[in-house]
Structures are given as C-alpha cells and as structure tokens.
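S.K.: Please read through the structure below; I'll follow up with questions.
The values are calculated or read from the model by the stated rules, or taken from the named source; none is laboratory data. What you see is a predicted model, and the numbers here were worked out from it, not measured in a lab. Using ideal geometry, Cβ is built from the backbone for each residue, glycine included, and neighbour counts are taken over all protein chains shown. In case anyone asks, the SASA skips ligands and DNA or RNA and just uses the protein heavy atoms, side chains included. Shrake-Rupley method; radii C 1.70, N 1.55, O 1.52, S 1.80 Å.
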Amino acid sequence: MQAPTPLLPAPVRRFAAWCAVLLLAAGVVYVGIRLVVEFRTAVVPVLLALLGTALLGPLHRRLVKAGVHRSVAAGLTCVAVVAVVGGAVYIVVAALIDTGDEIVASLKQAARGVSEHFGAAGTSLDDLASNARELLGKFGGTAASGVISGVSVVGESIAMAVLALLLVFFFLRDSDKAAGTLRSLSPRGAADTLEAMARRALRAVEGFMRGTTLIALIDALLITVGLLVLDVPGAAGLGALVFVGAYIPYLGAFISGALAVLVALADRGFVIALWALGVVLAVQVLEGHVLQPMIQSRTVQMHPAVVMVTITAGASVAGVLGMLLAVPLTAAAFGIIEELRTRYGDGESSPAREP
C-alpha cells in the first residue's frame, strides 16, 4: 500500500521542526531567567560562590597538597579574599573621594579654555561644568533618600555577600565530593555524560576567571606604573579600579580608563591627561592583541560581538551584577555545548550501518 503524500514538502517540515525547537528552548530559557530573578537572593550567592570557587580552586588545592587540612585551607583562602577585596574597595573609594573636587574644578577650567576657542559650544560646556556640583548635590540627595528608604536592599546585599562567602568555603572544602554527589543524583546511564559536562563547564569558568584575573592584574600594574610616572594622584586606587573593572569586559575597561584620564586632567592638566589617555589605550591594545590570545588561548573563546550581546542581556536582567555574571556563565554554556558536540557530533556524520 502506497504511503500517503505529505501535505508539506520536506524543507518546510524541517523549518517547522527547527522553529518548534527554538521556541521551546527560548521558553525554557525565559522561564529559567524569571525563576532566577524571583529567587535571586538564593541563586545569586550560589552563582557568585561558584565563580569564586572556580577562581580560588587552584590556591586551595595547592594548600591541600602542602599538607594543610581541607577546612583550614578553605578558611585561609576565604580570609585572603576578604582582605584583598576589602583593601581594593577601600583604596578605590578613598582615591575617588580625594580627587572628586579636583575633577570638577579641572572640568570647569577646561570648559573655559574651550569656550575661548569655540565660542557657544565652549560656553555650553562651561555652563555644564559650573552646574556639575549642583547636579551632583541633587543626585546625592536623591541617592541618600533612596538609601534611607531602601535599607532593606542594603541589608539584603550584605546577607547575599556573606552567604556567597560561606558557600565558597563549603564548595572549596567539599570539592572532592562533588563528582560523587553529581553521579549519585544523575539518571541511570547519564552519569558519565553529566560529569563530563560539569567538568567541561568548570574548566571553562576556571580558565576564564584565571585568565581574566591575570590580565586584570597586568593591566592594573601597567596603568598604575604609567600614572605614577605621570605623577597622577590616586594612582594606586585607579589601578585597583582597573583591576576590578576588568571582570566586566569592554565596559569596565572604558569606565576605569575614563576615570584615570579625568583624574589626570584634574590635577596635571590637559597635556598630562593626553599622556594618561595614551597609557590607557596602549594597555588596552596590548591586552587585545597580546595578552588575550596568549593567556586565554586554552579557554573557551567567544567573539567580541557575543560578549557584548551577553553583557547587554545580563545588564537588562540584573544590572551590574548581571554584567559580571553573564560572560562566565556563557563560557560555561559554551563548554557544555563543546562537550556535547564532541560526544555526539561524530555520530551524525558517520555512515549508517547496513541492516
């Protein structure tokens, strides 16, 4: 008996099948994002702890190999992180407070100089600079009222940070049991695949965090040395800001570099500000053409367009925290996809066996 003729040609059926798969995947991703946003007080500390564990894992393993007990090694690692992060935040905030007035005064002086050469355009800049302190005061009052009315948000953030630090401790201490726990919770026959996917994702995040940290350290040192040579005040704080901003690709480097140039303009004048801009641009060129290919050549590589779209999506979901988490989570997803393609990609291209 002859089979019935399909109503739709094969290309249309394949297109419809792919549309159904994409819609299903988009729906799952959307529901997952909504759940993460709804339970962010529990999910965000876990994600931050996973990133911290991926970054600090090598240090913890070195301490354990040196004979330190796992719990003691995890505690020492967490204490070191608190000391480093707290010191960096203090240095950055102190540098910004010390140079804030100088930045406003220098902007006003620069605007007056521009107005002498460009007339009305420079006058507008002068007006903007003259009103900068008033605008900052209004913004500060709004921010202060927001803080007063949102004390619970500050408390929630502190609680999330403390929870993330505690989770880092437990993740480091019990990291040797993770594979066994994952296998015990896996469905029958899927334990090997899930473990391989988890290991590949962890390697991708570890590589990204380790490479980013090393690149951020090199960038911060080079820019700090350049600012010290130019005798720019707050060079150490600006270098610390460059280090922190490097964890948000492109945007963090732009903000920290712009702030360094503004501080140089405030204290040392237009010419030194141009030299500071040259230092920042030279470091960024060195990072993009030498450090990134050399240091992160063995990690998951993502096109800059993918990184920027990922950062934008993360910012729309969770603001600055979303920008921080977006790229390493995408690196983990790329690692999982690469593992699945390695395991199952060859099977599709292999010739079918004869019955």
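S.K.: From the list LEU291, LEU265, pick out the single residue that is part of a helix (DSSP H, G or I), surrounded by 15 or more Cβ atoms within 10 Å (Cβ to Cβ) and modelled with pLDDT under 75.
M.R.: Going through LEU291, LEU265 in turn, just one is part of a helix (DSSP H, G or I), surrounded by 15 or more Cβ atoms within 10 Å (Cβ to Cβ) and modelled with pLDDT under 75: LEU291.
S.K.: Can you tell me which condition GLN296 does not meet? The list is (1) surrounded by fewer than 21 Cβ atoms within 10 Å (Cβ to Cβ); (2) modelled with pLDDT under 80; (3) out of contact with any Phe, Trp or Tyr (no Cβ under 9 Å at 6 or more places or on another chain), and all the others hold.
M.R.: All conditions are met except number (3).
S.K.: Something else about it: Being at pLDDT 80 or above, among the basic types (Lys, Arg) and more than 24 Å from the chain's Cα centre (by Cα), is that true of even one residue in the stretch 29-48?
M.R.: Taking every residue of the stretch 29-48 in turn, none turns out to be at pLDDT 80 or above, among the basic types (Lys, Arg) and more than 24 Å from the chain's Cα centre (by Cα).
S.K.: Could you grab me the full set of residues in the stretch 210-228 that are open to solvent by 80 Å² or more (accessible area, probe 1.4 Å) and either of a type in the set (Lys, Arg) or more than 29 Å from THR53 (Cβ to Cβ) (or both)?
M.R.: Listed by number, the residues that qualify are ARG210, VAL225, LEU228.
S.K.: Given the criterion surrounded by 19 or more Cβ atoms within 10 Å (Cβ to Cβ) and not in a loop (DSSP other than H, G, I, E, B), identify the matching residue among ALA236, ALA313, ALA273.
M.R.: Checking each option against the conditions leaves just ALA273.
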